[in-house]
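Have a look at the structure below, then the notes.
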Amino acid sequence: MENIFLFTLFYLTSLFVLQAQDRTQDTRQKQNISALIDKYAEAREKSDTVLLKSILSNSVDQLVSSGEWRTGVASSVQGMLRSSANNSGTRTLKIERLRFINLDCAIVDCKYEIQSSNGSKRSMWSTFIVASENGIWKISAIRNMLPAGN
């Protein structure tokens with residue numbers, strides 16, 4: 001009887017400890033992914049190719065709202081710089097939903113707005129597929145979409 005009590009107590013304690021670690025890990029991962037999206041917006045804002053290359057996976061691909069596909073780091077960075085020059089303004093990415101596929105991969109849905117100096121605002125959606133590479137979160141894919149009716 002005493003063994004059953006001790007086993008039950010051990011089992012319940014270990015469940016609590018393991019669940020607490022998962023929540024801490026999940027919170028830390030979400031913060032790291034949020035920082036990654038912030039770095040992306042900063043890199044686009046400043047046309048910082050070094051920062052862009054450091055946060056994109058080597059196999060990154062991007063589908064932009066015009067329908068253009070960009071595959072690989074070089075094509076993606078070149079297209080991002082061209083797009084930033086053509087659509088200048090302050091870029092804001094606000095995470096609306098973050099869903100983990102597994103411990104090393106997540107889908108990040110963001111509202112994406114570009115506020116131009118003339119006061120006009122371009123509102124879109126961006127979905128990022130992010131993956132942890134050797135413990136560092138990187139952007140593996142980007143999908144930009146215009147809301148229906150635009």
> Does ASP104 satisfy the criteria of being in contact (Cβ under 8 Å) with a residue 24 or more places away in the chain and not aliphatic (A, V, I, L, M)?
Replying inline: yes
> So which residues in segment 84-98 are open to solvent by 40 Å² or more (accessible area, probe 1.4 Å), farther than 24 Å from ASN58 by Cα and not in a helix (DSSP H, G or I)?
Replying inline: ASN87, SER88, THR90, THR92, LYS94, GLU96, ARG97
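Out of LEU103, LEU63, LEU81, which single residue is in contact with a Lys or Arg (Cβ under 8 Å, 6 or more places away or on another chain) and either under 20 Å from GLN29 (Cα atoms) or open to solvent by less than 70 Å² (accessible area, probe 1.4 Å) (or both)?
The unique qualifying residue is LEU63.
How many residues are hydrophobic (A, V, I, L, M, F, W, C) and either outside any strand (DSSP E or B) or farther than 20 Å from ASP61 by Cβ (or both) when one looks only at segment 99-146?
The initial filter retains those residues of segment 99-146 that are hydrophobic (A, V, I, L, M, F, W, C), namely 100-101, 103, 105-108, 110, 114, 124-125, 128-131, 136-137, 139, 141-142, 145-146.
Narrowing the set further to residues that are either outside any strand (DSSP E or B) or farther than 20 Å from ASP61 by Cβ (or both) leaves 100, 103, 114, 146.
The total comes to 4.
Of the residues LEU36, LEU51, LEU56, LEU18, only one is modelled with pLDDT under 95 and of a type outside the set (Phe, Trp, Tyr); which?
Numbers: LEU36 fails: modelled with pLDDT under 95; LEU51 fails: modelled with pLDDT under 95; LEU56 fails: modelled with pLDDT under 95.
Result: LEU18 is the single residue among LEU36, LEU51, LEU56, LEU18 that is modelled with pLDDT under 95 and of a type outside the set (Phe, Trp, Tyr).
The values are calculated or read from the model by the stated rules, or taken from the named source; none is laboratory data. If you're wondering where the values come from, they're calculated on a predicted model, not measured in any experiment. Reconstructed Cβ throughout: ideal geometry from the backbone, glycine too, with neighbour counts over all protein chains shown. Accessible surface is based on the protein model in full, side chains and every heavy atom, while ligands, DNA and RNA are left aside. Shrake-Rupley method; radii C 1.70, N 1.55, O 1.52, S 1.80 Å.
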